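Working notes for the structure below.
The values are calculated or read from the model by the stated rules, or taken from the named source; none is laboratory data. Just so we're clear, the structure is a prediction, and the values are computed from it rather than from any experiment. No Cβ is skipped: glycine too gets one built from the backbone with ideal geometry, and neighbour counts run over all protein chains shown.
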Amino acid sequence: MLVIGPGGGKEVLIGLFGEVEMITGVEVNPDFVQIVKDYKTFDGGIYSDFPNVEMVVEEGRHYVEQTKEKFDLIVMALPSTAQTQSIEPFCRE
């Protein structure tokens, strides 16, 4: 299972509950990944304590283009890209 933009890990958690053999999460924002790892006592260590979960900090489209891995399922729910990390383009004066 490939999860593009897992953020806080909801889709990863669904994969774990569904007993997915291997889950790769590709998150563009390293802060999200670190926060989930830091709060492992709250979230059950979904990014750090499961041997079948691998987190990659990278832009999702780039990862898909360069990886040799094959996935049975690709999930992309509300991902952000490097271009949409800032809210500045959406602010009006």
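For segment 47-75, the set of residues classified as of a type in the set (Asp, Glu), under 14 Å from the mean Cα position of the chain (by Cα) and not in a strand (DSSP E or B) consists of Glu58, Glu59, listed by residue number. Restricting attention to segment 16-35 and to residues that are within 15 Å of Leu73 (Cβ to Cβ) and in contact (Cβ under 8 Å) with a residue 40 or more places away in the chain, the residue that is surrounded by the most Cβ atoms within 10 Å (Cβ to Cβ) turns out to be Thr24.
Applying the criterion of being among the β-branched types (Val, Ile, Thr) and without any contact (Cβ under 8 Å) to a residue 60 or more places away in the chain to the residues of segment 1-15, the residue that is surrounded by the most Cβ atoms within 10 Å (Cβ to Cβ) is Val12.
For segment 9-27, which residues satisfy the criterion of being under 12 Å from Met55 (Cβ atoms) and not in a helix (DSSP H, G or I)? I'd like the intermediate steps shown before the answer.
Restricting attention to segment 9-27, the residues satisfying the condition of being under 12 Å from Met55 (Cβ atoms) are 9, 12, 23-27.
Once the filter is applied, which keeps residues that are under 12 Å from Met55 (Cβ atoms) and not in a helix (DSSP H, G or I), segment 9-27 yields Gly9, Ile23, Thr24, Gly25, Val26, Glu27.
Close contacts from segment 55-79, counting a first residue that is more than 12 Å from Glu27 (Cβ to Cβ) and surrounded by 11 or more Cβ atoms within 10 Å (Cβ to Cβ) and a second that is among the polar types (S, T, N, Q) and modelled with pLDDT under 95, with Cβ to Cβ under 9 Å and a gap of 6+ residues or different chains, come to Arg61/Thr81.
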